[in-house]
Structures are given as structure tokens and as C-alpha cells.
1. List pairs: first residue in the stretch 214-229 and at pLDDT 90 or above and of a type in the set (D, E, K, R), second residue exposed (fewer than 10 other Cβ atoms within 10 Å of the Cβ) and not in a strand (DSSP E or B) anywhere in the structure, Cβ distance under 7 angstrom, at least six positions apart or on different chains.
2. Can you say whether SER238 is among the small types (Gly, Ala, Ser) and in a helix (DSSP H, G or I), as far as the supplied structure shows?
3. Right, ILE295: farther than 30 Å from PRO211 by Cβ, of a type in the set (Val, Ile, Thr) and touching a residue at least 24 places away in the same chain (Cβ under 8 Å) or not?
4. For the stretch 254-280, enumerate the residues that are exposed (fewer than 10 other Cβ atoms within 10 Å of the Cβ) and not in a helix (DSSP H, G or I).
5. Please find, among ILE228, ILE221, ILE237, the residue that is touching a strand residue (DSSP E or B) at 6+ places or on another chain (Cβ under 7 Å), more than 27 Å from THR136 (Cα to Cα) and of a type outside the set (D, E, K, R).
6. Could you list, in sequence order, the residues of the stretch 241-253 that are touching a residue at least 40 places away in the same chain (Cβ under 8 Å) and part of a loop (DSSP other than H, G, I, E, B)?
7. Can you name every residue in the stretch 270-285 that is among the β-branched types (Val, Ile, Thr) and either modelled with pLDDT under 85 or farther than 29 Å from ASP257 by Cα (or both)?
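The values are calculated or read from the model by the stated rules, or taken from the named source; none is laboratory data. Keep in mind that what you see is a predicted model, and the values were worked out from it rather than measured. As a convention, Cβ positions derive from the backbone with ideal geometry for all residues, glycine included, and neighbour counts pool all protein chains shown.
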Amino acid sequence: MSLQQRTPPSNILISGSESVSGSVPNLSAYDDEDSYINVNPRKRKERTEIFNYQKDQQNFHREIMSLLEKFGQTQNENLIMIKEEIHTIKNEIKIIQSSNENLIQQLNQINLEIEKIKLNYTGAQNKIKAVEDEITIIKNQKCTCFLKPNSLPLVNENLILEVKDRFEREKNVIIVGISEKNDNNYKNRRQHDENKIMELISPLYVNCPKPIKTMRLGKYIPNKSRPIKVFFNNTDISKYLLSNKHKLPETVKIFSDQTPMQKLFMQELKDELQKRTANGEKDLIIKYIKGTPTIITNKTNKKN
């Protein structure tokens with residue numbers, strides 16, 4: 001706020017005895033304080049347009065600040081919403097990734113199962129072919145001269161039953177050398193056999209599944225141990241046990257489950273082997289070739 005002093009009287013001497021006129025007072029002309037008190041300062045009038053401009057400026061400043069505050073609040077709310085949506089999207093992505101990983105694992109497992117099925121199918125085809133070859137040999141050697149008229153359908157039916165029986169028996173093994181529990185209750189004896197079998201094969205076959213069935217062959221006689229027929233649900237277990245039977249204790253033997261025709265054919269091979277050995281042939285052995293027992297020359301012993 002600016003102050004304007006009154007114009008002093010014209011008869012006041014300034015700079016000695018000189019008198020001047022004008023709006024600028026010479027305060028040095030006043031000799032005492034009483035004379036200076038007579039000077040009456042007055043307030044300059046403020047211009048109306050300047051006051052209105054300042055008021056408009058203040059209103060504009062308040063409106064701008066209000067708009068900025070609202071804008072900032074809106075932006076904060078939008079940022080919070082965006083963060084929540086991003087968090088939700090991340091969780092959904094994690095769920096999708098987890099689902100994809102589970103799906104990939106399932107697909108890999110399905111592919112493994114398909115490969116196993118293919119291998120089993122190929123093995124089954126090879127076995128059927130070997131059985132067919134063996135049956136053809138038997139037919140040519142033993143059955144041709146004894147066939148009666150109109151007996152061919154019966155022979156074919158017997159061959160089909162033989163093939164089916166062999167396919168089912170390939171899942172089984174015969175174990176000899178496990179002591180039998182002396183108990184009249186057959187359930188207790190069977191439980192004892194199952195426990196002994198698992199103790200025997202677990203070291204050979206890691207995580208071996210429990211047999212679906214076990215049974216002793218022959219009639220129960222106290223203080224006498226009978227062979228045990230062990231049933232599995234696939235041929236892989238029986239094949240593995242037969243290929244690793246040399247790892248079993250010496251008192252325990254394991255054999256394949258053969259049909260009566262297979263046993264007859266093996267006995268004939270043994271008789272033939274004995275005759276040929278008696279006639280002077282050396283280094284003859286019986287070896288399974290593609291699932292069929294055959295008499296061959298042991299080349300290893302022949303070289304030695």
C-alpha cells in the first residue's frame with residue numbers, strides 16, 4: 001500500500017531562505033516533532049480494474065488447482081484399477097501356463113503309453129508268428145499222416161485254442177523252491193506265498209506290482225512244497241524275471257508257464273538231442289530262437 005504525503009505550506013523555507021513549491025516536501029525544514037506530526041499521510045486509492053484482475057486471477061488459480069486435484073485423483077484411481085487388472089491377468093497367465101504344463105505332461109504320458117502298446121503289439125505279432133511256425137513244424141512232422149478226412153476244421157480250432165492259451169500263459173511264471181507253510185487254512189498259505197514272492201522278486205524288479213493271483217500246483221500235502229504259479233497282468237514282468245533268473249538264490253528256480261503242447265514239443269527235442277549226442281554229434285544245445293526252442297550247435301564250445 002503506497003502512502004502520499006500532503007504538500008507542505010508554500011511559506012516553508014527550503015535550503016536556507018529559499019521557498020519552493022511542488023509536491024515533494026523537505027522534511028528537514030521542520031524543526032521539531034510537533035511540526036512533523038501535522039503532516040497527514042493518506043492512503044492511495046486502489047484502481048478497480050487491478051482489484052478485479054487479482055480476484056479473477058485468484059479464482060482462476062483455485063479452479064486450476066481444483067481441476068488438477070480432480071485429475072490427479074482420477075489418475076490414481078485409474079492406476080489402481082490398472083494394477084488390479086494387471087494382477088488378475090498375471091494370475092490368469094499363471095493358471096494357463098500351469099494348465100499347459102499339465103496338458104504337455106499328459107500328452108507325453110499318452111505318447112509313452114502308445115509306444116508301449118506298439119511294442120507290445122509288435123511283440124505279440126512276433127510271438128504269434130513264432131507259434132504259427134512251430135505249429136507248422138509239428139503239423140508237418142507228426143500230424144500230416146494221421147489226419148482223417150474232414151478233420152481239418154478240428155485241427156484249426158485246436159490251433160487257435162493253442163495260440164490263445166500260449167498268449168495268456170506268457171504273462172505267468174512258475175517258481176520252484178519257496179517253502180510252503182504247514183497250515184490247513186489255504187488263505188493263510190496263499191498270503192504266506194504272496195509275501196515270499198514279493199520278497200524274492202522285489203530286488204530284481206524295482207517297484208514290481210503285486211501279482212494278480214498266486215496258486216500252488218498239485219494237491220496240498222503237509223511238509224511238502226509245491227511249485228507256485230504266479231499270474232501278472234502283462235508280459236513285461238514275466239520276461240524281465242525270466243531274463244534275470246540267474247540273480248535268484250540257487251535254491252529257487254523260475255520257469256515259463258508252458259502249455260501241454262509246448263511241454264510235449266520240448267520233451268521231443270530233449271529226446272532228439274539225446275539221440276544225436278549218442279550218435280556222436282557234439283556241442284549240441286537247445287536254444288530259444290524267436291520264442292521257439294531249437295537244437296543248434298554251440299559255436300562257443302566248438303571254437304574252444
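1. Listed pairs, sorted by first residue: ARG226/GLY218.
2. So SER238 passes the test.
3. When the stated conditions are applied, ILE295 passes them.
4. Once the filter is applied, which keeps residues that are exposed (fewer than 10 other Cβ atoms within 10 Å of the Cβ) and not in a helix (DSSP H, G or I), the stretch 254-280 yields ASN279, GLY280.
5. ILE228
6. ASN244, LEU248, PRO249, THR251, VAL252
7. Those that are among the β-branched types (Val, Ile, Thr) and either modelled with pLDDT under 85 or farther than 29 Å from ASP257 by Cα (or both): none in the stretch 270-285.
Conditions (1) in a loop (DSSP other than H, G, I, E, B); (2) in contact with a Cys (Cβ under 7 Å, 6 or more places away or on another chain); (3) of a type in the set (Phe, Trp, Tyr); (4) farther than 27 Å from GLY123 by Cα, marked per residue:
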| position | (1), (2), (3), (4) |
| --- | --- |
| LEU204 | yes, no, no, no |
| THR214 | no, no, no, no |
| ARG226 | yes, no, no, yes |
| LYS282 | yes, no, no, yes |
| ILE296 | no, no, no, no |
